[in-house]
1. For region 25-35, which residues satisfy the criterion of being of a type outside the set (D, E, K, R) and either closer than 11 Å to residue 62 by Cβ or open to solvent by less than 100 Å² (accessible area, probe 1.4 Å) (or both)?
2. Evaluate region 58-66: report whether one residue or more is surrounded by fewer than 12 Cβ atoms within 10 Å (Cβ to Cβ), among the basic types (Lys, Arg) and outside any loop (DSSP other than H, G, I, E, B).
3. Name the one entry in 49, 69, 64 that is over 11 Å from the mean Cα position of the chain (by Cα) and without any contact (Cβ under 8 Å) to a residue 40 or more places away in the chain.
4. Considering every residue within region 30-40, establish whether at least one is touching a strand residue (DSSP E or B) at 6+ places or on another chain (Cβ under 7 Å), at pLDDT 95 or above and either farther than 30 Å from residue 69 by Cβ or part of a loop (DSSP other than H, G, I, E, B) (or both).
5. Going by what's in this entry, would residue 13 be described as of a type in the set (S, T, N, Q) and within 11 Å of the chain's Cα centre (by Cα)?
6. Spot the failing condition for residue 38; the list is (1) loosely packed, with under 14 Cβ neighbours inside 10 Å; (2) out of contact with any Lys or Arg (no Cβ under 9 Å at 6 or more places or on another chain), and only one is missed.
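The values are calculated or read from the model by the stated rules, or taken from the named source; none is laboratory data. Note that the structure is a prediction, hence the values are computed from the model and not measured. Positions of Cβ are generated from backbone atoms using ideal geometry, with glycine treated the same way; all protein chains shown enter the neighbour counts. We work out accessible area using only protein heavy atoms, side chains counted, and drop any ligands, DNA or RNA first. Shrake-Rupley method; radii C 1.70, N 1.55, O 1.52, S 1.80 Å.
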Amino acid sequence: TDLAPEYLNMIKSEREKVLHVMHSNVVSVTEETRLGDIAKLIISKAIKRVPVLRDGKLVGIVSRADLVRALAQNS
């Protein structure tokens, strides 16, 4: 309910496709990427989540919340 009406109307429209809202310059990491490096990516690219790939296939996603949780568990 906090979203602008024109935004909600676009989302509800059956003719709109993901092509119109997706990002194509995706930043990704591998399972071996250090958490600190992911944190740097999130900050430098101003993104909230990073896809994790194995052999070019999506195997997970890391969010800012995941990093905070990991930090809290290791403290």
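1. In the first step, residues of region 25-35 are kept if they are of a type outside the set (D, E, K, R); the result is 25-30, 33, 35.
26, 27, 28, 29, 30, 33, 35, listed by residue number.
2. no
3. Working: 49 fails: over 11 Å from the mean Cα position of the chain (by Cα); 64 fails: over 11 Å from the mean Cα position of the chain (by Cα).
The match here is 69.
4. yes
5. Numbers: of a type in the set (S, T, N, Q): yes; within 11 Å of the chain's Cα centre (by Cα): no.
Spelling it out, it is not the case that residue 13 is of a type in the set (S, T, N, Q) and within 11 Å of the chain's Cα centre (by Cα).
6. (1)
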